[in-house]
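The values are calculated or read from the model by the stated rules, or taken from the named source; none is laboratory data. Since we're looking at a predicted model, the values are computed, not measured. We place every Cβ from the backbone using ideal geometry, glycine too, and count neighbours over all the protein chains shown.
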Amino acid sequence: MKKFDYTTLNNLQLDNEAINKLTTIYQLRGETSSYQIDYREELEKLVAVAKIQSTDASNRIEGIFTTDNRLNKIMMNKVQPYNQNEQEIAGYRDVLNLIHENYNYMQISKNTILTMHSRLFKYAGDNWGGKFKDINNKIIAKYEDGHEEVRFNPPEAYLVPELITQLSEQYERSNHQRAINPLVLSAAFVFDFVSIHPFRDGNGRMSQLLMLLTMYQLGFEVGKYISLEKIIEESKADYYQALAASSVGWNENQNDYLPFINYYLGIVVRAYRELIERMGLVHTQQKELTAEDLVLKTLRKQLRPLSKAELVELIPRYSQISIQRALHDLKQKNKIQMIGGGRSTKYIAI
């Protein structure tokens, strides 16, 4: 049976890449430590944006989506989900809110994991929500061109309850002892959870929620303001590659965690840098500038086409409605050009 060595992580040796990323993360966390005081209002807006992006991105990776308008209304509890996709989106919203509001009380345990999964599928009507798989499954990698590959054969279903119990206990014990860097430990935990693949469905989404939860508990709250799930979606090929590399020898307790750890730490570095970029723009934006001024200034500074969603992220001072109105007025004044259509619509300064 699979054993979890959370004392040495299979004699893990961090390379220079991992060490440099860890150093960078702690430095960036220090740079952002005063943001709660300096940018309280802007951060509150970023939280709302990050929740929408996280819910959208994590479900989109699994081919689950709805329109932007419906997504926003579901996130604000203004409509009831009317199909399977929207039911699963609403479930992710609820678990995300649970973590944001109660992470300090959510011990990493089999019960917590089952409860999170139950809430994830609360609206879907499936009778296996909150229950471990009762049939064997495979880990399938889904790629941008639509093809799928079997990446890994996880443990058989009857082994799952004991494996999740052992994994949770080993993580909590090692985290308490602080023998291993906590972020490295979090990465190993998320990887092992995915490798167990304990549920019929929702394993990828659960792993991202557990990433957010463990990071919160360890004092790395960047996922509150920047969507970790969106960054993972944008680097999906690298994600699958890292999972595959670290899976070799997993069942024999000989796998190398390092490829996935380096990917994981890279996600955290990028999230902190994006947060600093957002607040840097806020700091340089003058109070007297209108939404139109800031949209135009941001488009010129970024030197690339930006979507409405990206502009909302970069200009947290103004609401989505204000940004949308500014884009409409700037287009009427021929100061910006619209590129593409529908969900892919972007804007560029003329």
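Exactly one condition in (1) over 19 Å from Ile226 (Cβ atoms); (2) modelled with pLDDT under 95; (3) assigned by TED's automatic domain parsing to the domain that holds Tyr216; (4) surrounded by 13 or more Cβ atoms within 10 Å (Cβ to Cβ) is false for Lys78; which is it?
The failed condition is (4).
Mind counting the residues in the stretch 124-149 that are aromatic (Phe, Trp, Tyr) and either more than 25 Å from Ile232 (Cα to Cα) or surrounded by 14 or more Cβ atoms within 10 Å (Cβ to Cβ) (or both)? It would help to see each step written out before you state the result.
Going residue by residue through the stretch 124-149, those that are aromatic (Phe, Trp, Tyr) are 128, 132, 143.
Checking the rest, the ones that are also either more than 25 Å from Ile232 (Cα to Cα) or surrounded by 14 or more Cβ atoms within 10 Å (Cβ to Cβ) (or both) come to 128, 132.
Summing the residues that are aromatic (Phe, Trp, Tyr) and either more than 25 Å from Ile232 (Cα to Cα) or surrounded by 14 or more Cβ atoms within 10 Å (Cβ to Cβ) (or both) in the stretch 124-149 gives 2.
For the stretch 33-55, which residues satisfy the criterion of being surrounded by 18 or more Cβ atoms within 10 Å (Cβ to Cβ) and either in contact with a Ser or Thr (Cβ under 7 Å, 6 or more places away or on another chain) or among the polar types (S, T, N, Q) (or both)?
Scanning the stretch 33-55 gives Ala50, Gln53, Ser54, Thr55.
Quick check, is Ile113 closer than 22 Å to Ile232 by Cα, surrounded by 19 or more Cβ atoms within 10 Å (Cβ to Cβ), in contact with a strand residue (DSSP E or B) (Cβ under 9 Å, 6 or more places away or on another chain) and assigned by TED's automatic domain parsing to the domain that holds Ser246? Break it down into steps so the answer makes sense when it comes.
Values: closer than 22 Å to Ile232 by Cα: yes; surrounded by 19 or more Cβ atoms within 10 Å (Cβ to Cβ): yes; in contact with a strand residue (DSSP E or B) (Cβ under 9 Å, 6 or more places away or on another chain): no; assigned by TED's automatic domain parsing to the domain that holds Ser246: yes.
Spelling it out, it is not the case that Ile113 is closer than 22 Å to Ile232 by Cα, surrounded by 19 or more Cβ atoms within 10 Å (Cβ to Cβ), in contact with a strand residue (DSSP E or B) (Cβ under 9 Å, 6 or more places away or on another chain) and assigned by TED's automatic domain parsing to the domain that holds Ser246.
Just a yes or no: is a residue in the stretch 86-95 surrounded by fewer than 18 Cβ atoms within 10 Å (Cβ to Cβ) and either not aromatic (Phe, Trp, Tyr) or not assigned by TED's automatic domain parsing to the domain that holds Leu265 (or both)? Even if it seems obvious, please write down each step before you answer.
Kept after step one, since they are surrounded by fewer than 18 Cβ atoms within 10 Å (Cβ to Cβ), are these residues of the stretch 86-95: 94.
Within this subset, residues satisfying the condition of being either not aromatic (Phe, Trp, Tyr) or not assigned by TED's automatic domain parsing to the domain that holds Leu265 (or both) are 94.
Yes.
Return the pairs, sorted by first residue and then second, in which the second residue is part of a helix (DSSP H, G or I) and modelled with pLDDT of 95 or more, the first residue lies in the stretch 169-184 and is of a type in the set (Lys, Arg), the beta carbons are less than 6 Å apart, and the residues are 6+ apart or on different chains.
From residues that are of a type in the set (Lys, Arg), there are no pairs.
As an exercise: evaluate Leu265 against (1) more than 30 Å from Pro155 (Cβ to Cβ); (2) assigned by TED's automatic domain parsing to the domain that holds Lys224 and give the number of the one condition it does not meet.
(1)
Given the structure, is Ala271 crowded, with 21+ Cβ neighbours inside 10 Å and free of Cβ contacts under 8 Å to residues at least 60 places away in the same chain? Give the derivation first.
Numbers: crowded, with 21+ Cβ neighbours inside 10 Å: yes; free of Cβ contacts under 8 Å to residues at least 60 places away in the same chain: yes.
Criteria met by Ala271.
Asp256 is checked against (1) part of a loop (DSSP other than H, G, I, E, B); (2) closer than 22 Å to Ile113 by Cβ and fails just one. What number does that condition carry?
Every condition holds for Asp256 apart from (2).
Return the residues of the stretch 8-30 that are surrounded by 13 or more Cβ atoms within 10 Å (Cβ to Cβ) and in contact (Cβ under 8 Å) with a residue 24 or more places away in the chain; say none if nothing qualifies.
Leu9, Asn10, Leu12, Leu14, Glu17, Ala18, Lys21, Leu22, Thr24, Ile25, Leu28, Arg29
What pairs can you find where one residue is in the stretch 84-106 and within 13 Å of Lys224 (Cα to Cα), the other is surrounded by fewer than 16 Cβ atoms within 10 Å (Cβ to Cβ) and not hydroxyl-bearing (Ser, Thr, Tyr), and their Cβ atoms are less than 8 Å apart, with a gap of 6+ or different chains?
What qualifies is His100/Val47.
Yes or no: Gln241 in a helix (DSSP H, G or I), of a type in the set (S, T, N, Q), surrounded by fewer than 21 Cβ atoms within 10 Å (Cβ to Cβ) and not assigned by TED's automatic domain parsing to the domain that holds His328?
Details: in a helix (DSSP H, G or I): yes; of a type in the set (S, T, N, Q): yes; surrounded by fewer than 21 Cβ atoms within 10 Å (Cβ to Cβ): yes; not assigned by TED's automatic domain parsing to the domain that holds His328: yes.
Yes.
Find the residue count for the stretch 288-300, including only residues that are touching a residue at least 12 places away in the same chain (Cβ under 8 Å) and part of a helix (DSSP H, G or I).
So the first thing to find is which residues in the stretch 288-300 are touching a residue at least 12 places away in the same chain (Cβ under 8 Å), and the list is 290-292, 294-300.
Of the ones still in play, those that are also part of a helix (DSSP H, G or I) are 291-292, 294-300.
Qualifying residue count, the stretch 288-300: 9.
Residue by residue through the stretch 313-350, note down the ones that are more than 26 Å from the chain's Cα centre (by Cα), surrounded by 14 or more Cβ atoms within 10 Å (Cβ to Cβ) and farther than 24 Å from Thr66 by Cα.
Ala326, Asp329, Leu330, Lys331, Lys335, Ile336, Gln337, Ile348, Ala349
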